[in-house]
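So the structure is just underneath, and the comments pick up after that.
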Amino acid sequence: MSAEPMPIIDEARLVGPAAILDEMSGADDAAVAAAIEKRMNEYGIAVPGELASASLRRLVDRLRGRRLLEDLGVYQAQVEWLRFHVPPGGTARLTLERKVERTGGVTLKFMGLGFGSGRSVALGAEHDFGDRKDCFSLGALVDVRLRTYTESDGRIARQVDVEGVAGTSLASLVPCGLCFQPPEAGPVPRKQEHEWDLDDDPHGLTEKVTYETTDISDVEISPKIPGVDLGVLIPGLSMNRSIMSSCVATYTFPGHACFRSYHEVPRRLDLPFWGRF
């Protein structure tokens with residue numbers, strides 16, 4: 001198993017509401033609304049607006065009233081989907097392992113906000129990221145097309161379409177921004193999960209923890225596009241993450257210190273982060 005970024009083993013297009021309307025331009029609003037609801041449910045992604053058919057018909061009417069103002073082109077953005085944290089002064093190792101034979105892997109679904117289309121990618125089931133002294137993040141390199149529209153009431157609307165996923169990324173987090181040790185106060189708000197008090201232990205210890213993560217549905221994110229200043233036009237994506245592999249973390253804590261693990265409130269995408277006292 002490699003410590004390189006994870007390979008993409010499958011990719012599929014997710015057709016968004018605006019594209020569905022284009023495909024069904026001759027159909028009435030009720031038929032288009034029903035098609036949008038059906039397609040989003042098949043993808044396992046929230047339908048924009050409420051589930052009521054009347055609300056979806058208003059959405060279709062809104063899309064019909066838009067006029068393209070400007071196509072700003074395609075840009076590549078980096079989107080984080082997981083962070084792994086190393087105890088300050090210690091080391092740690094993360095591996096993804098199959099839960100059972102032939103079962104496992106990571107699925108990421110990206111949908112462009114503003115009623116754009118998206119992509120679904122599947123990553124491998126097993127991966128070893130090696131021994132680490134620094135926290136790191138896992139991400140995806142996403143190609144996004146940005147368009148602006150004028151709506152029937154004169155407002156400017158933004159649409160993001162995910163054109164493709166070019167690959168995955170692994171980046172060290174130095175400094176981490178979450179892990180801390182005095183005199184830093186650490187991030188807030190946070191909730192303590194676990195503590196190892198090794199003040200009187202010169203040897204330290206190693207702990208192995210298996211995290212059984214669950215789906216993270218429809219997290220809205222604003223990915224950064226390196227070297228591009230889009231002003232107020234910040235690309236927005238909705239991300240759905242499913243990890244079917246077990247996340248196995250091995251932490252090594254040095255002696256003569258106290259370590260506490262925390263998670264953010266509300267809980268986000270990351271595995272626990274650490275404070276050293």
Test result for residue 157, out of contact with any helix residue (DSSP H, G or I) (no Cβ under 7 Å at 6 or more places or on another chain), part of a strand (DSSP E or B), at pLDDT below 95 and under 30 Å from residue 58 (Cβ atoms): yes
Residue ID - surrounded by the fewest Cβ atoms within 10 Å (Cβ to Cβ), chosen from residues in segment 136-154 that are among the acidic types (Asp, Glu) and part of a loop (DSSP other than H, G, I, E, B): 153
Residue match in segment 253-263 (condition: closer than 28 Å to residue 99 by Cβ and either out of contact with any Phe, Trp or Tyr (no Cβ under 8 Å at 6 or more places or on another chain) or open to solvent by 20 Å² or more (accessible area, probe 1.4 Å) (or both)): yes
Residues satisfying the stated conditions in segment 189-204, i.e. farther than 26 Å from residue 237 by Cβ, exposed (fewer than 14 other Cβ atoms within 10 Å of the Cβ) and touching a strand residue (DSSP E or B) at 6+ places or on another chain (Cβ under 9 Å): 191, 192, 193, 194, 195, 197, 199
Criterion (open to solvent by less than 60 Å² (accessible area, probe 1.4 Å), touching a residue at least 40 places away in the same chain (Cβ under 8 Å) and over 16 Å from the mean Cα position of the chain (by Cα)) met by exactly one of 246, 242, 238, 169: 246
Positions within segment 77-94 being under 17 Å from residue 8 (Cα atoms) and either open to solvent by 20 Å² or more (accessible area, probe 1.4 Å) or touching a Gly at 6+ places or on another chain (Cβ under 8 Å) (or both), in sequence order: 78, 79, 80, 81
Residue in segment 221-230 that is without any contact (Cβ under 8 Å) to a residue 12 or more places away in the chain and either surrounded by 11 or more Cβ atoms within 10 Å (Cβ to Cβ) or not polar (S, T, N, Q) (or both) present: yes
Check on residue 128, assigned to a strand (DSSP E or B), among the acidic types (Asp, Glu) and open to solvent by 50 Å² or more (accessible area, probe 1.4 Å): no
Number of the condition not met by residue 162 [criteria: (1) crowded, with 16+ Cβ neighbours inside 10 Å; (2) over 30 Å from residue 206 (Cα atoms); (3) at pLDDT below 95; (4) in contact with an Asp or Glu (Cβ under 9 Å, 6 or more places away or on another chain)]: (3)
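The values are calculated or read from the model by the stated rules, or taken from the named source; none is laboratory data. Nothing here was measured: the structure is a model prediction, and the numbers come from that model. For neighbour counting, all protein chains shown are included, and Cβ atoms are generated from backbone atoms with ideal geometry for every residue, glycine included. Calculation scope for accessible area: heavy atoms of the full protein, side chains included, ligands and nucleic acids excluded. Shrake-Rupley method; radii C 1.70, N 1.55, O 1.52, S 1.80 Å.
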